[in-house]
1. Just name the residue that is farthest from the chain's Cα centre (by Cα) out of those in region 300-329 that are buried (at least 23 other Cβ atoms within 10 Å of the Cβ) and within 15 Å of residue 364 (Cα to Cα).
2. Sort through 66, 120, 61, 72 and tell me the only one that's surrounded by 18 or more Cβ atoms within 10 Å (Cβ to Cβ), over 18 Å from residue 146 (Cβ atoms), of a type outside the set (D, E, K, R) and modelled with pLDDT of 75 or more.
3. Among the residues in region 240-254, are any of a type in the set (S, T, N, Q), in the same structural domain as residue 201 (by TED's automatic domain parsing), on the phi < 0 side of the Ramachandran plot and not in a helix (DSSP H, G or I)?
4. Enumerate the pairs (first residue in region 343-367 and in contact (Cβ under 8 Å) with a residue 60 or more places away in the chain and farther than 20 Å from residue 215 by Cα; second residue anywhere and acidic (Asp, Glu) and surrounded by 15 or more Cβ atoms within 10 Å (Cβ to Cβ)) with beta-carbon separation below 8 Å, excluding pairs fewer than 6 apart on the same chain, so at least 6 apart or on different chains.
5. Can you list residue pairs whose Cβ atoms sit under 8 Å apart, with the first residue in region 267-282 being outside any strand (DSSP E or B) and the second being of a type in the set (Lys, Arg) and at pLDDT 80 or above? Count only pairs 6 or more apart in sequence or on different chains.
6. For region 298-308, does any single residue satisfy the condition of being in the same structural domain as residue 264 (by TED's automatic domain parsing) and free of Cβ contacts under 8 Å to residues at least 24 places away in the same chain?
7. What tally of residues in region 291-314 results from selecting those that are outside any helix (DSSP H, G or I), more than 14 Å from residue 199 (Cα to Cα) and not aromatic (Phe, Trp, Tyr)?
8. Return yes when residue 329 is farther than 19 Å from residue 230 by Cβ and not in a loop (DSSP other than H, G, I, E, B) and no when it is not.
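The values are calculated or read from the model by the stated rules, or taken from the named source; none is laboratory data. Every value quoted in this text rests on a predicted model; they were computed, and no experiment measured them. Note: ideal-geometry Cβ built from the backbone for every residue, glycine included; neighbour counts use all protein chains shown.
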Amino acid sequence: MATGGYSEERADAHATGGLPSRPQAASRAYRIRRLVRYTAVNLVSLAVDYAVFFFVIFALAAPVLASVAGYAVAFSLNYKLSRLFVFGSDGSHKTEKRLFSEFMATGLLGILLTAAVTGAGVHLVGLSPTIAKTAAVLICFLVLYVIRSRLVFTRIESPSSSPSGVSIAAMPVHLTSKSFGSLAVRAPPAAPGQRIGLLGGSFNPPHRAHVVISEAVMKRLGLDEIWWIVTPGNPLKAHNELAPLADRLDACRRLVTNPRIKITAFEARLGSAATIVTLSFLKQRYRSVNFVWIMGGDNLAGFHRWAAWRRIAELMPFVVADRPQWRLKALSAPAARALARFRVPDDEAGTLARKTAPAWLYLTLRLSPESSTEIRASRSRSPVFRSEQAG
């Protein structure tokens, strides 16, 4: 599980305040504005639909043709207005090709529904053309409104700028929507009510400090299991020293002897190593499991730079494992100050897993200077390692 890949917002914007945040309030306002605009577009299209319908009825006395003609004109208008006022004004992540395909597909469905309902109403049920048309409009409106709303409102966040120029909204829709239940992603089994800690990272390489932290957290928080989520790669770190995923998994399995520590690399199938995506997936799949996310003190110090970090804090409780020389820096960081009122006292550590997020704990542990970075550095200085690399 990586730290995200995109900066949610600048650190000075989070130095004060708690949850819900100003960015989240802006996101809600953004979605409401977009919903209002989309509703207005549909109402205008509906008025045009009826105008064309009555014109053709009086001119040709053909109710099915009038109904289809009205819908076709209204559909064309709906597409143009939606591009102008719904999709285009806020920098939608939808490409023109996909937008056109979605509207063409739903438009064809609408034409078929309109013709079928109007024809059935007039010729089979004996309704007047106006009532049959109204029935067709109501059915099409409800069906297409639901379909198109799901296509339109699929963002994880409203657009936000970042130093890299990439917004969270640019993350693939299939990673942030309800496709989280894909059976292709094989996470470890979990039973309802279990308390499970999640320790994500590159584990490049894994070491005893990882085991010590896992067992200490498991004991202090009363967890049933710890899952080591070995990420394919961290978007915020260079990959030039990253060992292959299979090698890191093997190293983890050789190191771990505790059967309550599970090794998994399901993020490779998930298609993203962003923490917000990983945690959202687990919450979707295991709705009755009490997850606790585990991070180090060094992670908390830079947490405010992670993608959607406030959303992460709201997904599940988290515990911060102390790291050498990081305590003061971590607890004075913008994220720690913003979330200070949700911090749980040490003597309530055993209740953290069942608390409603946001809730977090800074856990004091026996500190170990061992780190993956130092191990890699020492290996690179080793003559044996250099000769192997050269060979």
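1. 323
2. 66
3. yes
4. Here the result reads 358/314, each pair linking region 343-367 to a residue that is acidic (Asp, Glu) and surrounded by 15 or more Cβ atoms within 10 Å (Cβ to Cβ).
5. Matching pairs, first to second residue: 269/186; 276/311.
6. The first filter runs over region 298-308 and keeps only residues in the same structural domain as residue 264 (by TED's automatic domain parsing), leaving 298-308.
Now restrict to residues that are free of Cβ contacts under 8 Å to residues at least 24 places away in the same chain: none.
No, region 298-308 contains no residue that is in the same structural domain as residue 264 (by TED's automatic domain parsing) and free of Cβ contacts under 8 Å to residues at least 24 places away in the same chain.
7. Residues of region 291-314 outside any helix (DSSP H, G or I): 291-296, 302, 306-308.
Next cut, more than 14 Å from residue 199 (Cα to Cα) only: 302, 306-308.
So of that shortlist, the ones also not aromatic (Phe, Trp, Tyr) come out as 302, 307-308.
The number of residues fulfilling the criteria is 3.
8. On the way: farther than 19 Å from residue 230 by Cβ: yes; not in a loop (DSSP other than H, G, I, E, B): yes.
Spelling it out, residue 329 is indeed farther than 19 Å from residue 230 by Cβ and not in a loop (DSSP other than H, G, I, E, B).
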